[in-house]
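Only the coordinates and a few stated rules stand behind these numbers; no lab work does. Source: prediction; values computed, not measured.
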């Protein structure tokens, strides 16, 4: 049954994505992906989401950690994380077919409050994990994607199915990981607040003491729990956000390296160039020229 469900899911994605690339849908939370060849590593910011592959496989790098998944697993992201993704299996005959479903923290909180899963205030877990796809979750995801072929039903039914998908995650193996972000006053929720602050203020100078006061933690507790959730220190996290945004500015808006560096908060162009090369493997100008010749997707 599971294999047939995956085939059905892949068939709908195939019909809805006739060309390679990233395909938004009429369901704002749902994005479809199709690629007919492996991709270059792509640095992106993952937001809280469920990612599932119907055909092909992919590798995601979070700092020094490697997560590989295929149609047998799903990837859960519970907080905003700067990662590098690479599709490793896809061809014209058997293209990579996948989807991403954005998760709403408000819905998570409502379901927890309704007793779908117990509150969790323990030590926070990593904000990214790979787990086997269970039949109830796969069934709900397939029904959501099926709605794309019945557009008249989307407005009425999509919110219900999205709520069911969130429920299935909460009551499954990764439920604790997801519901931690709703535990009022718990360390995981405070780290989620710190992540949101960094995302909104990444171009500003970072004071760990000030950020710790913002989220009502000690500096040492902030550093410890932040790294446990993101695999990065707050400073490393900010640096990833800055460099990824600078790359986007150079590619998407045509800024030169010095202008992009200044826009994202760097005062020293030479420091920016060193850190950019360390993350992306080439100096800014060479990296952008290479990407313009062989463009990579901005999100995979």
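Note that segment 37-76, at 4 °C in a medium of 1.567 mPa s, gets a Stokes-Einstein diffusion coefficient of 116 µm²/s from its Kirkwood radius over C-alpha pairs.
For the chain, the percent of C-alpha pairs falling in each 20 Å distance bin, counted from 0 to the bin holding the largest distance, reads 32, 57, 11. With a ≥ b ≥ c the root eigenvalues of the C-alpha gyration tensor of segment 135-260, is it rounded (a/c under 1.5), prolate (a/b larger than b/c) or oblate? Oblate, since a/c reaches 1.5 and b/c is not below a/b.
Computed over the chain, relative contact order equals 18 percent, with contacts defined as Cα pairs under 8 Å that lie 6+ residues apart. Note that segment 242-293, at 20 °C in a medium of 1.002 mPa s, gets a Stokes-Einstein diffusion coefficient of 204 µm²/s from its Kirkwood radius over C-alpha pairs.
The mean of 1/r over all pairs of different alpha-carbon atoms in segment 2-180, once inverted, gives a Kirkwood hydrodynamic radius of 16.5 Å.
Segment 192-257 and segment 2-32 have Cα centres separated by 33 Å. By the equivalent-ellipsoid construction on the alpha carbon gyration tensor, segment 182-235 comes out with semi-axes of 16, 12, 11 Å, ordered largest to smallest.
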